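K.L.:
One structure follows; several queries about it will come next.
The values are calculated or read from the model by the stated rules, or taken from the named source; none is laboratory data. All figures in this text were calculated on a predicted structure; none of them were measured in a lab. We place every Cβ from the backbone using ideal geometry, glycine too, and count neighbours over all the protein chains shown.
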Amino acid sequence: MATIAGSEQLVRYNTVARAFHAVIAAMVIFNLLTGIFGDAIEDIWQPFPAHKATGILILLLSLGRLAWRFTWTMPDWPSTMGSLQRKVARLTHGLLYALMLIVPLTGWIFSSAGKYPLSIYGLFDWPKLAVTKGSALAEAAHEGHEVLGFLMAGLVVLHVAAALHHHFVIKDNILRRML
Ligand code: HEM
Ligand code: HEM
C-alpha cells in the first residue's frame with residue numbers, strides 16, 4: 001500500500017556521509033563555477049590555482065567518501081518513489097561518484113604537463129605525474145576534463161533540481177535526510 005508523501009519516518013544518512021556530501025558538494029560547485037567562468041573573470045581574479053588545489057582535495061576526499069560508502073546501506077526511499085525514478089536516481093548518483101574521481105584525475109594528468117607547480121593553497125606542492133606537454137595522454141586528459149566537466153555540471157543541475165522537487169513539490173523527506 002502506498003504511503004502519503006512525507007508521512008514516513010525520517011531516517012537520515014549517517015553523520016559522516018552527510019558531512020562528506022556537504023563538503024564535497026560545496027567544493028564541486030566551486031570548481032564547476034571557476035572552471036566554466038574562470039577565463040571570463042581572469043582580469044579580476046585568477047581562479048585556477050585555487051581550482052587545481054580544490055580539485056585535488058575533491059579527489060582525496062572522494063576516495064575517503066567512497067571507502068566509507070561501502071560500510072553502510074542507504075535509508076530506504078519512500079514507497080511513493082516509482083521504479084523509473086529509483087533507476088534514474090541510482091544512475092545519477094553512480095555517475096556523480098565516478099565523475100568525482102575521473103574529472104579531478106584528468107585535471108591532475110594534463111596539468112602535470114604544464115609549467116606551473118600544483119600548489120595546494122601556497123602551503124606545499126602536490127606531486128606532478130610524468131606527463132609530457134603535447135603528448136596524446138595530456139591532450140586526451142585535457143579534452144576529457146572539458147567534456148566530463150560539462151557532463152558533471154549538467155548532472156549536478158539535474159540532481160539539485162530533483163532534490164528541490166522532492167522537498168517543495170512532492171514534500172517528502174529526501175532532502176532533509178541528507179542535510
Ligand atoms: C571535481 C573537480 C573538478 C571539476 C568539477 C573541474 C571542472 C572544470 C571545468 C568545467 C573546466 C572548464 C573546461 C573548459 O572550458 O575547458 C575546468 C578547467 C580547468 N581545470 Fe578543472 N575541474 C576539477 C578539477 C581539476 C583539477 C584537480 C585540476 C588540476 C590539478 C584542474 C585543472 C583545470 C585547468 C588547468 C582548467 C583550464 C583548462 C583550459 O582553460 O583549457 N581541474 N575544470
Ligand atoms: C547543494 C546542492 C545539493 C543538494 C541539495 C543535494 C542533495 C542530495 C540529496 C537530498 C541526496 C539524497 C538522495 C536520496 O536519498 O535519494 C543526495 C545524494 C547524493 N548526492 Fe547530492 N546534493 C547536492 C549536491 C551534490 C553534488 C555537487 C554532488 C557531487 C558531485 C552530489 C553527490 C551526491 C551523491 C553521490 C549522492 C548519493 C549518496 C548515496 O546514497 O550514496 N550532490 N544529494
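K.L.:
Take the residues in the stretch 126-147 that are more than 16 Å from PHE30 (Cα to Cα) and in contact with a helix residue (DSSP H, G or I) (Cβ under 6 Å, 6 or more places away or on another chain); name whichever of them is nearest to ligand 2 (Cβ to nearest atom). Full working, then the answer.
P.N.:
First, pick out the residues of the stretch 126-147 that are more than 16 Å from PHE30 (Cα to Cα): 126-144, 147.
Then drop every residue that is not in contact with a helix residue (DSSP H, G or I) (Cβ under 6 Å, 6 or more places away or on another chain), which leaves 126, 128-129, 131, 138, 141-142, 144.
Values: TRP126: 21, LYS128: 25, LEU129: 23, VAL131: 25, ALA138: 25, ALA141: 19, HIS142: 21, GLY144: 17 Å.
Among those residues, the one meeting the criterion is GLY144.
K.L.:
Hey, does the stretch 119-140 have a residue that's surrounded by 18 or more Cβ atoms within 10 Å (Cβ to Cβ), modelled with pLDDT of 95 or more and among the small types (Gly, Ala, Ser)?
P.N.:
Checking the stretch 119-140: at least one residue is surrounded by 18 or more Cβ atoms within 10 Å (Cβ to Cβ), modelled with pLDDT of 95 or more and among the small types (Gly, Ala, Ser).
K.L.:
Then there is this: Name the single residue, out of those in the stretch 78-118 being aromatic (Phe, Trp, Tyr) and surrounded by fewer than 16 Cβ atoms within 10 Å (Cβ to Cβ), that is modelled with the highest pLDDT. Steps first, please.
P.N.:
Going through the stretch 78-118, the residues aromatic (Phe, Trp, Tyr) turn out to be 97, 108, 110, 116.
Remaining after also requiring surrounded by fewer than 16 Cβ atoms within 10 Å (Cβ to Cβ): 97, 116.
Working: TYR97: 98, TYR116: 93.
Among those residues, the one meeting the criterion is TYR97.
K.L.:
While we're here: Could you please let me know if LEU33 is loosely packed, with under 14 Cβ neighbours inside 10 Å, in a helix (DSSP H, G or I) and among the aliphatic types (A, V, I, L, M)? Break it down into steps so the answer makes sense when it comes.
P.N.:
Numbers: loosely packed, with under 14 Cβ neighbours inside 10 Å: no; in a helix (DSSP H, G or I): yes; among the aliphatic types (A, V, I, L, M): yes.
No; evaluated as a whole, the condition is false for this residue.
K.L.:
Still on this structure: Could you please tell me which pairs satisfy a Cβ distance under 7 Å, a separation of 6+ or placement on different chains, a first residue in the stretch 129-150 that is under 11 Å from ILE109 (Cβ atoms), and a second residue that is within 16 Å of ligand 2 (Cβ to nearest atom) and assigned to a helix (DSSP H, G or I)?
P.N.:
ALA141/THR106; GLY144/THR106; HIS145/VAL103; HIS145/THR106; HIS145/GLY107
K.L.:
Being among the aliphatic types (A, V, I, L, M) and near ligand 1 (Cβ under 9 Å from one of its atoms) narrows it down to one of MET152, MET178, so name that one.
P.N.:
Values: MET178 fails: near ligand 1 (Cβ under 9 Å from one of its atoms).
When all the criteria are applied, what remains is MET152.
K.L.:
Can you tell me which residue within the stretch 52-61, out of those that are touching a residue at least 40 places away in the same chain (Cβ under 8 Å) and either farther than 15 Å from LEU33 by Cβ or not basic (Lys, Arg) (or both), is nearest to ligand 2 (Cβ to nearest atom)?
P.N.:
Pass one, the stretch 52-61, residues touching a residue at least 40 places away in the same chain (Cβ under 8 Å): 52-53, 55-59, 61.
Keeping just the survivors that are either farther than 15 Å from LEU33 by Cβ or not basic (Lys, Arg) (or both) gives 53, 55-59, 61.
Values: ALA53: 18, GLY55: 12, ILE56: 16, LEU57: 14, ILE58: 9, LEU59: 12, LEU61: 11 Å.
Among them, the one singled out is ILE58.
K.L.:
While we're looking at this one, here's another question. Can you report the number of residues in the stretch 109-138 which are over 17 Å from PRO49 (Cα atoms) and either more than 23 Å from the chain's Cα centre (by Cα) or part of a strand (DSSP E or B) (or both)?
P.N.:
8
K.L.:
Related question: Checking the condition among the aromatic types (Phe, Trp, Tyr) and touching a Phe, Trp or Tyr at 6+ places or on another chain (Cβ under 8 Å), which residue from TRP68, TRP72 passes? Spell out how you get there, then give the answer.
P.N.:
Details: TRP72 fails: touching a Phe, Trp or Tyr at 6+ places or on another chain (Cβ under 8 Å).
TRP68 is the lone residue from the list that is among the aromatic types (Phe, Trp, Tyr) and touching a Phe, Trp or Tyr at 6+ places or on another chain (Cβ under 8 Å).
K.L.:
Taking the criterion of being of a type in the set (Phe, Trp, Tyr) and surrounded by 13 or more Cβ atoms within 10 Å (Cβ to Cβ), would at least one residue in the stretch 67-77 satisfy it? Steps first, please.
P.N.:
Step one: filter the stretch 67-77 for residues of a type in the set (Phe, Trp, Tyr), giving 68, 70, 72, 77.
In the following step, the residues that additionally are surrounded by 13 or more Cβ atoms within 10 Å (Cβ to Cβ) were identified as 68, 77.
The answer is yes, given that some residue of the stretch 67-77 is of a type in the set (Phe, Trp, Tyr) and surrounded by 13 or more Cβ atoms within 10 Å (Cβ to Cβ).
K.L.:
Given THR73, THR92, which one is within 12 Å of ligand 2 (Cβ to nearest atom), polar (S, T, N, Q) and part of a loop (DSSP other than H, G, I, E, B)? Walk me through how you get there before you give the answer.
P.N.:
Numbers: THR92 fails: part of a loop (DSSP other than H, G, I, E, B).
Unique residue meeting the criteria: THR73.
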